[in-house]
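Okay, structure first, notes after.
Readers should treat all values here as calculations from the given coordinates under stated rules, not as data from a laboratory. All values reported here derive from a predicted model rather than from experimental measurement. Note that we place each Cβ from the backbone using ideal geometry, even for glycine, and neighbour counts take in every protein chain shown.
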Amino acid sequence: MLRLLVLAAALWSAGCSVISVDLSPRVRPLREETVEGRGRAKVVLVDVSGFLSDEAPPSLSIGSAPPRVPLLVRFREEMKKAADDGDVKALVLRINSPGGTVTASDILYRELELFRRERKIPIVAVMMDVAASGGYYVALAADRIVAHPTTVTGSIGVIMLTVNAEGLMQKIGVSAAAIKSGERKDMGSPFRALSPEERGIFQSVIDGMHTQFVAKLVERRGIAADTARTIADGRIYTADQALARKLIDQIGYMPDAIDAAKRAAGLDEARIVVYHRPREYRATYYARAEAPASAVPESLAQLSTLVGPGPRFLYLWWP
């Protein structure tokens, strides 16, 4: 870079025109890599990690690192690549997420549902540390769910957080005025408290989204509606507790999930493949699709989503 700057300065001082060159890094197309196994048939491993959102994950990289791709963009790209490959005979969905926005969780579920309808091949979800709330919602799209012995799952429900800074503003002598077209237009504003009626309106929206979650639980897990409503009170479950409540099918490890996918597809042997971009390290099936953001910016990004502009409806476990 220093040489380019020196060259540009020399050309400018000599009266020469300088050609503008864009040296910013670009996002490259996904590549396929075999991490183990052999044969023509493939079992593709797809990763769903972190906070589920349509926004790009935070990055503090300095230098020529390419921009981080939003989860939904990457997931759709991987689903299309797998759907277009006739040698892909099964899909293993690795989940390590506490959930995220309601819409992002539902879109991921829908993408898996469309993939299953188009390809008619088995989908096995394997839960890592956490597959809670929206993470579990996504897992419901799988034909079989495997949880590690130490997985935390559950947290079935919806949450919305608002901030009320009215008292603080009064203490420091600051006031806010909203010019609005209707009485409820600014409900949820951080500058005033919710009225009981407004709280009821928000609760009705949350109840509707919770009903959708419970309906998916009943449909995909074959659990009676009354039982599902009891299970879905927002609490978390260990793997053993989840198995006892039929939230999962099996307790095991990644090889167990891969074996389950191969059995469901009728495969004796298969290559385990992952999709990655150039410069991404994917030597084994434990490598994440993207290097994780550091804990501080990722936590700050989640916080900004929770208390950012306007209330957000979340399928999220965020203790």
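Below, the figures for the structure above:
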{"item": "Potential extension, LEU168-ARG263 segment - 0.36 nm per residue separation minus Cα distance", "result": "28.2 nm"}
{"item": "Packing rank of 267-275, 233-241, 162-170, where each peptide gets the mean count of other beta carbons within 10 Å, highest leading", "result": "267-275, 233-241, 162-170"}
{"item": "Order of SER155, SER133, SER195 under a 10 Å beta carbon neighbour criterion, fewest first", "result": "SER195, SER155, SER133"}
{"item": "Average projected area [Cα convex hull, region 137-287], square nanometres", "result": "15.6"}
{"item": "Two-decimal ratio, region 178-243, of alpha-carbon radius of gyration to 2.2 N^0.38 Å", "result": "1.61"}
{"item": "Percent RCO, i.e. relative contact order, over region 175-279, from Cα pairs under 8 Å lying at least 6 residues apart", "result": "11"}
